[in-house]
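Here the structure comes first, spelled out in structure tokens, and everything after it is commentary.
Just so it is clear, none of the values below were taken in a lab; they were calculated from the coordinates. In this text, all values refer to a predicted model and were calculated from it rather than measured experimentally. Positions of Cβ are backbone-derived with ideal geometry, glycine not excepted, and every protein chain shown enters the neighbour counts.
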Amino acid sequence: MRAFVEDPGVDCAVISNVPLTKSLQTLPPGAGHAEDLTRPGGFAARTIEIFRATDKPVVVNIDSGPLYDPLAGYLEKQGSRCSGEPTKRSASSGHTSTASSASAG
């Protein structure tokens, strides 16, 4: 993700993942699993580092069900502290919003 965002030919980024992979640490701590979405090195932490390291618009798309609402909320909260960029819950809403923002800017 970082190399893509740092590329001078990239004006904005839409980051989308499939949060079902345990290694991404996309669930809050809870019974039955060892994930922690706030864990250093996880998807949220790496994405927040990118928010903080760039002036470019960054939109995150989490195209998954309500199980991942805590991840979306965490990224939105951290994003509002960094660049103010949104977290989208479906690819179609992310595409439409990003296209509108890019046209307006």
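What to note about this one:
- Extending 7 Å from Cα along the Cβ direction at residue 18 and again at residue 49 yields two label points whose distance is 2.4 nm.
- Residue 61 long-range amide H proximity, modeled H, under 5 Å: 15, 16, 17, 88
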